[in-house]
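Nothing in this text is a laboratory measurement; each read-out follows from the coordinates by a stated rule. Keep in mind it's a predicted model, so treat the numbers as computed, not measured. Note that each Cβ is placed from the backbone with ideal geometry, even for glycine, and that neighbours are counted across all protein chains shown.
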Amino acid sequence: MSQADRTKWNRKFTEGSHTSTEPSSFLVAQADRLPTTGRALDIAGGVGRNALWLARRGLEVTIADNSNVGLGMARQRAEEAGLTLHTQLVDLEEEPLPRGPWDLVTKVLYMQRSLFEAIPDVLRPGGLLVVIQPTVTNLERHPKPPRPHLLLPGELQRLVQKLEILELFEDWSSDGYHDGCVIARKPG
């Protein structure tokens, strides 16, 4: 991401935008499938809403994000909750994903198609990927995110083709967004 993107996200977090503490409802609904031990990577995890939920479940969690402000807020929330959380300031458009192997990788509301090629390489055999990303159908009700950040119909299945899909759907979620959601496993 450019310095302009980092500045934009730092400003949003400082102003209180995108600072929810509630984990993704789809992620929580997958609780029975998700590991409770091992290492988890939360890609573009911002202030840690999903990472902290995973840490409470017993995982050793790392957030990789481009916002030092968001990561600072995540660390503060973890400290206040008595949780351990690792953070890594990283420009995912220029730098590789943090080194695995990971037992779980989450990618919630962050669209960078090139990462899908790299994710299987950082997952351990049997490791899981959880993705939640709005689709172009979302534009019927919401002007954002803009089209380049939205999944095309059927695209998510193609993006995770190196993994075994356990569940995949595209539908309107309880929070009113049209999301593509997948949980997939690395074979082995």
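If we sort 152-162, 172-182 on the protection proxy, mean other Cβ atoms within 10 Å, highest first, what's the order?
Per-residue mean Cβ counts within 10 Å order the peptides as 172-182, 152-162.
How much length would be gained if the chain were fully extended between Asp121 and Ser25, taking 0.36 nm per residue of separation minus their Cα-Cα distance, in nm to one decimal?
Between Asp121 and Ser25, full extension yields an extra 31.9 nm.
Give the lysines reachable from Lys144 as a straight Cα distance under 25 Å; neighbours fewer than 8 places away on the same chain don't count.
Lys8, Lys12, Lys107
Extension gain Ala81-Gln157, at 0.36 nm per residue separation less the Cα-Cα distance, in nm?
Full-extension gain reported as 23.7 nm.
Within straight cross-link reach of Lys186, meaning Cα distance under 15 Å, which aspartates and glutamates are found once same-chain residues fewer than 8 apart are removed?
Those aspartates and glutamates meeting the cut-off are Asp103, Glu117, Asp121, Glu164, Glu167.
Hey, what's the Cα Rg ratio for the chain versus the globular rule of thumb, 2.2 N^0.38 Å?
Normalised Cα radius of gyration, the chain: 0.96.
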